[in-house]
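Enquirer: Can you read through this structure? Questions will come right after.
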Amino acid sequence: MEKRFEYYAQLAAVLLLVVGCFLVLRPFLTAILFAAVVCVSTWPLYRWLLRRMKGMQNLAALAMTLSLILVVILPLALVAYNLADNVTAFYDQIREATEGGPLEPPAWLTGLPLAGESIRDYWHLIATSQEEMMALLKRLLEPTRKFLLAGGILLGQGVMEMSLAAFVSFFLYRDGEALVSAVDVAMERLAGPHSGNVLDTVNNTVRGVMYGLVGTALAQGIVATIGFAIAGVPAALLLGVATFVLSLIPAGPPLIWGGAAIWLFYQGSTGWGIFMLLWGLLLISSVDNVVKPLLISRGSNLPFILVMFGVMGGVLAFGFVGIFIGPTLLAVGFSLMQKWTARASSVVSSES
């Protein structure tokens, strides 16, 4: 009886300790998870850099951390700042333009088959009434302004989380081998002799998902920047960076290249507007359909529905960095489930 009581007392103490540690680390859990995902994904690069620096762990870890800041955090900070700064200015310009007098509809809009004449009549109807015009613009522009500002705030929060993650990643790089050894021992006690396969699955899956998400976003950003430059869209590089960021979200890039096409149509450049639409539909979107499955399939056969739920649920649970954490967690769980079910099937078939 005493041994049983002692066993349960020890178990309760361990559980309380685990819960206490979780409560202490919970405010930083998002940054820790993101740092772990980044370190696992870039570990081969860190090992190569460590060899080049003749085993100087502190210097190699510092170089990787600074690279993360320069390549990821600073561009996102610039996008967040420009988005929050320019949205209000653009809204004010539209409002001043409407107060200056009625606006004429663009020729491409009134020239649409069947609907063009009706659109022109409705446009002139609301243009003759300043109050009705402003009410319509407020209904259309105010939600858009709030959405874009919210996106800028979300990006800003993501930059703060990533800054903390960069700090954490320095220690994960430097002490990564010791941490892996400790995790290996813990997994061996929990999962038995198959723990090595579990760790390999986690590593391959994390790298596959991260390479798929970031590689696809980078490819779409480059292709979009080229298209914006060819069509003569202003701030092509900034729009390309915005496309890179929104490429991490399902159906995100059309918000950028679609908006650029609308701007070209409104400027009277109908040919370039059609070019931008075709460039977005045929090239930018095809990158997502071809490159992402190719890269992710190297680490895991994650269904698209899980990628979508991972991105959306990750953002709701962890904020902006959940774009990376969500699909990664689902991919790891999905891959482990496949491994375990395959192992169970092989055991059943061998017994029969």
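The values are calculated or read from the model by the stated rules, or taken from the named source; none is laboratory data. Because the structure is a prediction, the values reported are computed rather than measured. So basically every Cβ, Gly included, is an ideal-geometry build from the backbone, and we count neighbours across all protein chains shown.
Enquirer: Filter segment 195-224 for residues that are small (Gly, Ala, Ser), farther than 30 Å from Ser269 by Cβ and touching a helix residue (DSSP H, G or I) at 6+ places or on another chain (Cβ under 7 Å); which is modelled with the lowest pLDDT?
Expert: The first filter runs over segment 195-224 and keeps only residues small (Gly, Ala, Ser), leaving 195-196, 208, 212, 215, 217, 219, 221, 224.
Next cut, farther than 30 Å from Ser269 by Cβ only: 195-196, 208, 212, 215.
So of that shortlist, the ones also touching a helix residue (DSSP H, G or I) at 6+ places or on another chain (Cβ under 7 Å) come out as 195, 208, 212, 215.
Numbers: Ser195: 59, Gly208: 77, Gly212: 79, Gly215: 84.
Top of the filtered list is Ser195.
Enquirer: OK, next. Across segment 239-290, what is the total count of residues that are touching a residue at least 12 places away in the same chain (Cβ under 8 Å) and either crowded, with 18+ Cβ neighbours inside 10 Å or small (Gly, Ala, Ser) (or both)?
Expert: Qualifying residue count, segment 239-290: 29.
Enquirer: Given (1) modelled with pLDDT under 80; (2) within 21 Å of Val38 (Cβ to Cβ), identify the lone condition not met by Glu351.
Expert: Among (1) modelled with pLDDT under 80; (2) within 21 Å of Val38 (Cβ to Cβ), Glu351 violates only (2).
Enquirer: If you go through segment 225-238 one residue at a time, do you hit one that is surrounded by 22 or more Cβ atoms within 10 Å (Cβ to Cβ) and modelled with pLDDT under 85? Walk me through it before giving the result.
Expert: Quick first cut of segment 225-238, residues surrounded by 22 or more Cβ atoms within 10 Å (Cβ to Cβ) only: 227-228, 233.
Of the ones still in play, those that are also modelled with pLDDT under 85 are none.
Within segment 225-238 (the criterion being surrounded by 22 or more Cβ atoms within 10 Å (Cβ to Cβ) and modelled with pLDDT under 85), the answer is no, since none of the residues qualifies.
Enquirer: Now for a separate question. Taking segment 1-44 only, how many residues are more than 30 Å from Leu62 (Cβ to Cβ) and either acidic (Asp, Glu) or modelled with pLDDT under 85 (or both)?
Expert: 12
Enquirer: Gly192 - would you say it is out of contact with any Lys or Arg (no Cβ under 9 Å at 6 or more places or on another chain), under 30 Å from Trp279 (Cβ atoms) and modelled with pLDDT under 80?
Expert: No.
Enquirer: If you don't mind, there's one more thing I want to ask. Do we find that Leu329 is at pLDDT 75 or above, part of a helix (DSSP H, G or I) and either surrounded by 15 or more Cβ atoms within 10 Å (Cβ to Cβ) or of a type outside the set (Phe, Trp, Tyr) (or both) in this structure?
Expert: Numbers: at pLDDT 75 or above: yes; part of a helix (DSSP H, G or I): yes; either surrounded by 15 or more Cβ atoms within 10 Å (Cβ to Cβ) or of a type outside the set (Phe, Trp, Tyr) (or both): yes.
Spelling it out, Leu329 is indeed at pLDDT 75 or above, part of a helix (DSSP H, G or I) and either surrounded by 15 or more Cβ atoms within 10 Å (Cβ to Cβ) or of a type outside the set (Phe, Trp, Tyr) (or both).
Enquirer: Restricting segment 250-278 to residues that are among the β-branched types (Val, Ile, Thr) and out of contact with any helix residue (DSSP H, G or I) (no Cβ under 6 Å at 6 or more places or on another chain), which is nearest to Ile325 (Cα to Cα)?
Expert: Going through segment 250-278, the residues among the β-branched types (Val, Ile, Thr) turn out to be 256, 262, 270, 274.
Pick out the ones that are also out of contact with any helix residue (DSSP H, G or I) (no Cβ under 6 Å at 6 or more places or on another chain) and you get 262, 274.
Working: Ile262: 34, Ile274: 37 Å.
Ranking the qualifying residues of segment 250-278, first place goes to Ile262.
Enquirer: Name the residues in segment 60-94 that are among the aromatic types (Phe, Trp, Tyr) and at pLDDT 65 or above, would you?
Expert: Tyr81
Enquirer: With respect to Leu199, determine if the residue is without any contact (Cβ under 8 Å) to a residue 60 or more places away in the chain, more than 17 Å from the chain's Cα centre (by Cα) and either outside any helix (DSSP H, G or I) or surrounded by 14 or more Cβ atoms within 10 Å (Cβ to Cβ) (or both). Don't jump to the end; show me each part of the working.
Expert: Numbers: without any contact (Cβ under 8 Å) to a residue 60 or more places away in the chain: yes; more than 17 Å from the chain's Cα centre (by Cα): yes; either outside any helix (DSSP H, G or I) or surrounded by 14 or more Cβ atoms within 10 Å (Cβ to Cβ) (or both): yes.
When the stated conditions are applied, Leu199 passes them.
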